[in-house]
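Comments concern the structure below.
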Amino acid sequence: MTPSSTPGADASHDFDFLIGKWDISNRRLPKPLQGSSEWETFKATSHVHLLPGGIGNYDEFLPVGWRPGFVGMSLRAFSPQTQAWSIFWLSNRDGGIDAKTQGLQPPVVGRFDGDTGLFHGDELWEGRPIKVRFEWTRLNPDAARWQQAFSADGGKSWEVNWVMELKRIQQ
């Protein structure tokens, strides 16, 4: 693991630890921002690939036995100008397309500090504006954690609603 916060480190490699295949244990709050404490759990697999030219990476998210036919994809793109990452989420439910603009839905944007990456964005959830936070944690070369949180009060308080524990599939 190479923390990007070291002087002279190249932040474009912050997500290189994810390249490869993963087994994922998911814990998800089906009714976020409703005061619910009922979580669902399910397994998934992911395969993370580099994009050409060092511009980022993408993954396929394939849940096992959860929402039959569901396929998700994260697209992570690095900006050399800002030294920040933009993370886009796409799925076969809506394509990740904004119905008004016909472009990609807004990303979460951020960077790593050591082994933790924080990424923030704005989203509409059930018609109301919210803040979204992704937190990536590199635990070791074969394990990582991702969690998503929503804020309905402009970022004053956060509700974690999805946690993924990733374990590398040894080949």
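The values are calculated or read from the model by the stated rules, or taken from the named source; none is laboratory data. Being a predicted model, the structure only gives us computed values, none of them experimental. Here the Cβ is made from the backbone with ideal geometry for all residues, glycine too, and neighbour counts use every protein chain on show.
I'd like the full set of residues that are more than 20 Å from Lys31 (Cα to Cα), over 15 Å from the mean Cα position of the chain (by Cα), at pLDDT 95 or above and assigned to a strand (DSSP E or B), limited to region 86-139. Of everything in region 86-139, those that are more than 20 Å from Lys31 (Cα to Cα), over 15 Å from the mean Cα position of the chain (by Cα), at pLDDT 95 or above and assigned to a strand (DSSP E or B) turn out to be Asp113, Leu139. Flag set for Gln170, criterion: under 23 Å from Gly20 (Cβ atoms) and in a loop (DSSP other than H, G, I, E, B). Close contacts from region 128-140, counting a first residue that is free of Cβ contacts under 8 Å to residues at least 60 places away in the same chain and a second that is of a type in the set (Val, Ile, Thr) and assigned to a strand (DSSP E or B), with Cβ to Cβ under 6 Å and a gap of 6+ residues or different chains, come to Val132/Val108; Phe134/Val108; Thr137/Thr116. For the subset of region 95-120 comprising residues that are touching a Lys or Arg at 6+ places or on another chain (Cβ under 9 Å) and aliphatic (A, V, I, L, M), which member is nearest to Gly72 (Cα to Cα)? It comes out as Val108.
Pairs meeting the criteria (first residue in region 40-68 and farther than 16 Å from Arg93 by Cα, second residue in a loop (DSSP other than H, G, I, E, B) and among the aromatic types (Phe, Trp, Tyr), beta carbons under 7 Å, at least 6 apart or on different chains) are Phe42/Trp66; Asn57/Phe15. Quick one: in region 13-37, which of the residues that are within 27 Å of Ala84 (Cα to Cα) and among the aliphatic types (A, V, I, L, M) is surrounded by the fewest Cβ atoms within 10 Å (Cβ to Cβ)? Filtering first and then ranking leaves Ile19.
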